[in-house]
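**Student:** The structure's right below; bear with me while I get my questions together.
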Amino acid sequence: MDTSFAYILHLADNALILGQRLSEWCGHGPILEQDMAMTNISLDLVGQSRSLFQLAGELEGKGRSEDDLAFMRVEIDYKNCLLAEQPNGDFAKTILRQFFYDAFSFHNYTALLQSSNEQVRAIAEKSLKEVTYHLKWSSEWVIRLVDGTEESLLRMKTALLELWTFTGELYTPVDYEIKAAESGLGVDFDKIKTLWLEEVNKVFDMAGIKVPVGGWMQKGGKKGIHTEHLGFLLADMQYLQRTYPGQKW
Amino acid sequence: MENNWPLWEIFIRSKNGLSHKHVGSLHASDEEMAMQNARDVYTRRSEGVSIWLVESKHITASNPDNGDSMFDPANDKVYRHPTFYDLPEELKHI
């Protein structure tokens, strides 16, 4: 598989899978305003994935459309980080997952403004405006919930225990990311790691909580080895295209 | 869910040069959240370029019970409208 295709596909899958996860909140948000905030962010992410899937399809050169790539692949072909596919849990877990992802996504897109590929630069520029808002939104919620009530703090601590193990994968590159960095298409992961940790520490400091030290980091999603949750998500997301192939609206 | 968060009134300027107009209200625990909620609820279809918000408790409203004395007296004073001038045909947009 062409490494630049794999790299762009990975970026697209991150956005699509997290967007799909967030969309599950539609109609179930804690209050109407946050319901809308989450579905807005979900739509931003799905929009980002569309641009990236179109580009991936062009790079692959086999005539696969964005819909083919989004809906007609099997689990092992998805390259999203494990963090993106983790279940929503409660509001605290959704917020923390979003914050970890936004902190990565913000610095990743910022670095991609220097990509050697013009289309990637354009997608990064458009997406960065959206992600800047997402990061502000999720950062403020992290602070609010950690610094809120006993109950909200407990829920955030539980979420941190559950999610921290999936954060290492964000800044640990796999082969196609290393190739993409070398060719100038992708980003330097040493820098991303530093920036991500700084961002997380900054917000955690404001909130009054510490990042866990050490601990085993899960990996595999970027290579198609997923947690058991992705299959259920795909079954939901792909149902319509699998049942009525090529269906449009 | 019990919602004890204060109510905020939201004003949106639809484009530069126009004034902010009241568009509705929402609940939020603080100013930052109110601003983000307003952005997410009221500008997602490109309705605005600027948002003002104020906690509803800071708005002083006229009392509907005083409507008779507040507003009815203006009803028979049509001469306060500048509609009694003959304008030349060429004048437009007045």
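**Student:** Restricting attention to the stretch A:124-152, and to residues there that are more than 11 Å from chain B (Cβ to nearest Cβ) and free of Cβ contacts under 8 Å to residues at least 12 places away in the same chain, which single residue is nearest to A:ARG50 (Cα to Cα)?
**Tutor:** A:LYS129
**Student:** A further question on this structure: Taking the stated definitions as given, is B:ALA34 of a type in the set (Gly, Ala, Ser) and either touching a Lys or Arg at 6+ places or on another chain (Cβ under 7 Å) or under 23 Å from A:SER138 (Cα atoms) (or both)?
**Tutor:** yes
**Student:** When you check A:LEU52 against the structure, is it at pLDDT 95 or above and under 24 Å from B:ALA28 (Cβ atoms), yes or no?
**Tutor:** When the stated conditions are applied, A:LEU52 does not pass them.
**Student:** Which residues, counting only those in the stretch A:226-249, are of a type in the set (A, V, I, L, M, F, W, C) and either assigned to a helix (DSSP H, G or I) or under 16 Å from the mean Cα position of the chain (by Cα) (or both)?
**Tutor:** Filtering the stretch A:226-249 down to residues of a type in the set (A, V, I, L, M, F, W, C) leaves A:230, A:232-235, A:237, A:240, A:249.
Of everything in the stretch A:226-249, those that are of a type in the set (A, V, I, L, M, F, W, C) and either assigned to a helix (DSSP H, G or I) or under 16 Å from the mean Cα position of the chain (by Cα) (or both) turn out to be A:LEU230, A:PHE232, A:LEU233, A:LEU234, A:ALA235, A:MET237, A:LEU240.
**Student:** Please verify whether B:LYS57 is in contact (Cβ under 8 Å) with a residue 24 or more places away in the chain and over 15 Å from the mean Cα position of the chain (by Cα), treating the condition exactly as stated.
**Tutor:** Yes.
**Student:** Output the residues belonging to the stretch B:40-78 that are of a type in the set (D, E, K, R), part of a helix (DSSP H, G or I) and more than 14 Å from chain A (Cβ to nearest Cβ).
**Tutor:** Result: B:LYS57, B:ASP65, B:ASP68, B:ASP72.
**Student:** Here is a follow-up. Among the residues of the stretch B:79-94, how many are hydroxyl-bearing (Ser, Thr, Tyr) and either outside any loop (DSSP other than H, G, I, E, B) or surrounded by 10 or more Cβ atoms within 10 Å (Cβ to Cβ) (or both)?
**Tutor:** Going through the stretch B:79-94, the residues hydroxyl-bearing (Ser, Thr, Tyr) turn out to be B:79, B:83, B:85.
Going one step further and asking which of them are either outside any loop (DSSP other than H, G, I, E, B) or surrounded by 10 or more Cβ atoms within 10 Å (Cβ to Cβ) (or both), we end up with B:79.
Counting residues in the stretch B:79-94 that are hydroxyl-bearing (Ser, Thr, Tyr) and either outside any loop (DSSP other than H, G, I, E, B) or surrounded by 10 or more Cβ atoms within 10 Å (Cβ to Cβ) (or both) gives 1.
**Student:** Residues in the stretch A:5-17 that are under 19 Å from A:ALA111 (Cβ atoms), among the aliphatic types (A, V, I, L, M) and either within 14 Å of another protein chain (Cβ to nearest Cβ) or buried (at least 24 other Cβ atoms within 10 Å of the Cβ) (or both): how many?
**Tutor:** 5
**Student:** Also, quick follow-up: Does the stretch A:78-87 contain any residue that is within 14 Å of chain B (Cβ to nearest Cβ), on the phi < 0 side of the Ramachandran plot, in contact (Cβ under 8 Å) with a residue 24 or more places away in the chain and touching a Phe, Trp or Tyr at 6+ places or on another chain (Cβ under 8 Å)? Steps first, answer last, please.
**Tutor:** First pass over the stretch A:78-87, keeping only residues within 14 Å of chain B (Cβ to nearest Cβ): none.
Within the stretch A:78-87, not a single residue is within 14 Å of chain B (Cβ to nearest Cβ), on the phi < 0 side of the Ramachandran plot, in contact (Cβ under 8 Å) with a residue 24 or more places away in the chain and touching a Phe, Trp or Tyr at 6+ places or on another chain (Cβ under 8 Å).
**Student:** Right, here's the next one. If a residue has to be part of a strand (DSSP E or B) and within 14 Å of chain A (Cβ to nearest Cβ) to count, how many in the stretch B:12-39 make the cut?
**Tutor:** 5
**Student:** For the stretch B:8-20, state whether one or more residues are more than 19 Å from the chain's Cα centre (by Cα) and not β-branched (Val, Ile, Thr).
**Tutor:** Looking through the stretch B:8-20, none of the residues is more than 19 Å from the chain's Cα centre (by Cα) and not β-branched (Val, Ile, Thr).
**Student:** Can you find a residue that is away from chain B (no Cβ under 14 Å), crowded, with 20+ Cβ neighbours inside 10 Å and in contact (Cβ under 8 Å) with a residue 24 or more places away in the chain anywhere in the stretch A:20-30?
**Tutor:** yes
**Student:** Pull out all pairs, ordered by first then second residue, where Cβ-Cβ is under 7 Å, the residues are six or more apart or on different chains, the first lies in the stretch B:7-34 and is under 13 Å from B:VAL54 (Cβ atoms), and the second is assigned to a strand (DSSP E or B) and of a type in the set (Asp, Glu).
**Tutor:** What qualifies is B:TRP8/B:GLU55; B:HIS22/B:GLU9; B:SER25/B:GLU9.
**Student:** From A:ASN108, A:ASN88, grab the single residue that is surrounded by fewer than 20 Cβ atoms within 10 Å (Cβ to Cβ) and either out of contact with any strand residue (DSSP E or B) (no Cβ under 9 Å at 6 or more places or on another chain) or outside any helix (DSSP H, G or I) (or both).
**Tutor:** Checking each option against the conditions leaves just A:ASN88.
**Student:** If you don't mind, there's one more thing I want to ask. Only one of (1) under 14 Å from the mean Cα position of the chain (by Cα); (2) within 14 Å of chain B (Cβ to nearest Cβ); (3) polar (S, T, N, Q); (4) surrounded by 21 or more Cβ atoms within 10 Å (Cβ to Cβ) is not met by A:SER42, so which one is it?
**Tutor:** A:SER42 satisfies all of (1) under 14 Å from the mean Cα position of the chain (by Cα); (2) within 14 Å of chain B (Cβ to nearest Cβ); (3) polar (S, T, N, Q); (4) surrounded by 21 or more Cβ atoms within 10 Å (Cβ to Cβ) except (4).
The values are calculated or read from the model by the stated rules, or taken from the named source; none is laboratory data. Remember, predicted model here, so these are calculated numbers, not experimental data. Ideal geometry is used to build each Cβ from the backbone, glycine not excepted, and the neighbour counts take in all protein chains shown.
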